[in-house]
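Notes follow the structure.
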Amino acid sequence: MSGAGHHASHRLDLAAAILLVVLFVISRAALLVTSYDVNQNWEEPVFLFSATELRHDGLRNIFDHQDDLNHGGSVVLLLLAVPWVAVVGSSLVGLKGVAILWSALTMSAFLAILWRYFSPRAALLWGVLYLALSPTAARLNVTLVGSHPEALLPCAWALAAYLEWLRRDAAPLHGWTFVLGWAGGTALWVAYAAAMFIVPVLTVRLAYVRRRRTAAALAAGLLFGLWPWIYQDLWLRPHGATMWIQHLATRHPSGGTLARWYDGLGELAASFGYGDAGGAILLALCVVAWLGLAAGVIVPPWRARWELSPLAIAPLVTAPFLGFVMVANSYHPFHAVEGYYHYRFFIPLQLSLLLVLAIAIDMLAAGRGRLVLAAAAVALGLGAWTLAPLYAQGNHYDVDFERDRTRGCHVYGAAEWDRAPTPAAATARLARLAGDACREKAFGGLGWGIAGQFLETGDVTQTIATLDAIADPGLRWASCTGVAFAVERAPEATVTAGQRAAALQRILAYCRTFRPT
């Protein structure tokens, strides 16, 4: 190809990549505004509450507004949400544009990585796959999640730092190793599921160059990336780390290893958002592609014929396997009311499989673009067929800032029960919230946390004592209503139905002694 023809082809590829990102933003925005009612989860109002609260409290208090302990997915969203709300306005639908923006940045980052380190053709094919081949991911792109999908962007930074180091044949570049460690630590803080990307990259990097300075640079970068976790869980709330250790010790799937892996395969197939057969077919294609890349790394004759260094492929081959092991051996409580939201745990694994599929098809094409074009055409056709029903399902959302904010106060109160080291600390924090309606809702959420304690221990006396320690009778009553609601309806209760009924009668009898008239 002549120089002019090469430049023309390059410009065409670049225009196609930009078009994919634009189509992604337009399609997700259309999904949001036409089908908001079926693309939401119960935690979303707390983002609106926190984004407005932080405008007054200041970002120094942002760790008081994360949706959970130990990871920072909600923190990175709130860093965008605070200025976003100031510009766009206080609307829950408007705020969800932050999720679309973050997902578009993630898509752009991986497109750039595939373009620079593999080929423009592989990048464009992956862009089509990411745009079209997961209805579940499409719905999560317009959902304020606060954990696992947010970690994909720093995962891209880490992968780029690793591949950039790999391109340099000169002396070891400790700067890129430090950046790799920093991006990896940041990704792990945002969500532990990022380990499926980060661990293979770090392992291959250290295995290839065994030098103390390399290890020191990597460790320094990791600590720098993990400092928010160190700050929030070892300094602000040291009980957070012990809570997570207890969570790992007690929350585990039942059954043997093979049973867990079989169930994990079924969940992974379903997580793509298709029916059982459709998800299984897509998963089978990804597994075949993964086996092909793995053979290219492992078998010496095949490895010798590759243009790319096997070290570039090794982490991408390892990531899906590690991700599947993590998912299959983790405890993910599924609630029907959450629907697709449950599958947020699988999104990093989906992304790694689609990366493998795109690279494998591109390598199989071996310089001939017809196979890549055919795969892209099939993916677009499937995408149109499976994503179209997600749109125009009806949107009955009415903008009501005060209603949405007070709903967020409720979720914040429930979360504060876990974040605070003691019930007294949680009560003191919630009592300082601005607005009577917000405080009342927050203490109702606190009641959910108190009920959760009872459902684990069965100790009614402790429950009543915790309620009795709330000084304000109005706020104590709000917590009572939260406790009664959760004790009566909680599906995960470990106490018997008889114990629950008897406990509810004792709690209600106590609450009637100060019920407002």
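Label reach from Leu373 (point 7 Å along Cα→C-beta): in segment 105-144, amide nitrogens under 20 Å belong to 119-129.
Short to long, the 10 Å bins of the Cα pair-distance histogram for segment 401-512 hold 16, 51, 29, 5, 0 percent of all pairs. As a calculated quantity, the FRET efficiency between Phe485 and Ala8 at R0 = 60 Å, using C-beta atoms, amounts to about 0.40. Label sites at Ser330 and Val21, each approximated as a point 7 angstrom past Cα along Cα to Cβ, lie 2.8 nm apart. Note on Ile281 and Asp418: their simple-model spin labels are 3.8 nm apart, each label 7 Å out from Cα toward Cβ.
Only Cα pairs under 8 Å and at least 6 apart count here; give the relative contact order of the chain as a rounded whole percent.
18
Mark the label point 7 Å from the Cα of Ala388 along Cα→Cβ and return the residues of segment 90-134 whose backbone N is within less than 16 Å of it. It comes to 132-133, nothing else. Can you tell me the length gained on complete extension of the stretch Asn61 to Ala471, counting 0.36 nm per residue apart and subtracting the Cα distance? Contour length minus the Cα-Cα distance gives 145.1 nm.
Please report the orientation-averaged projected area of the chain, defined via the convex hull of its C-alpha atoms, in nm².
If I average the Cα hull's projected area over directions, I get 26.9 nm².
Charge tally for Gln453 (other residues, Cβ to Cβ under 12 Å; Lys, Arg +1; Asp, Glu -1): -3.
Counting 0.36 nm for each residue step from Thr461 to Leu308 and taking away their Cα separation leaves a gain of 48.5 nm. What the Cβ-Cβ distance of Thr34 and Arg168 gives, at R0 = 51 Å and to the nearest 0.05, is a FRET efficiency of 0.60. For the pair segment 102-148 and segment 187-240, the centres of their Cα atoms are 24 angstrom apart.
Computed from the Cβ-Cβ distance with R0 of 25 Å, the FRET efficiency linking Ala207 to Trp261 stands at 0.40. Sites listed here are trypsin sites (Lys or Arg not before Pro) in segment 440-517 whose DSSP assignment is loop and whose Cβ has at most 10 other Cβ atoms within 10 Å, and the list is empty.
The numbers here are math on the coordinates, done by the rules we state, and not lab data. For clarity, every value in this text was computed on a predicted model and none was experimentally measured. Quick reminder, even Gly has a Cβ in these numbers, built from the backbone with ideal geometry, and neighbours come from all protein chains shown.
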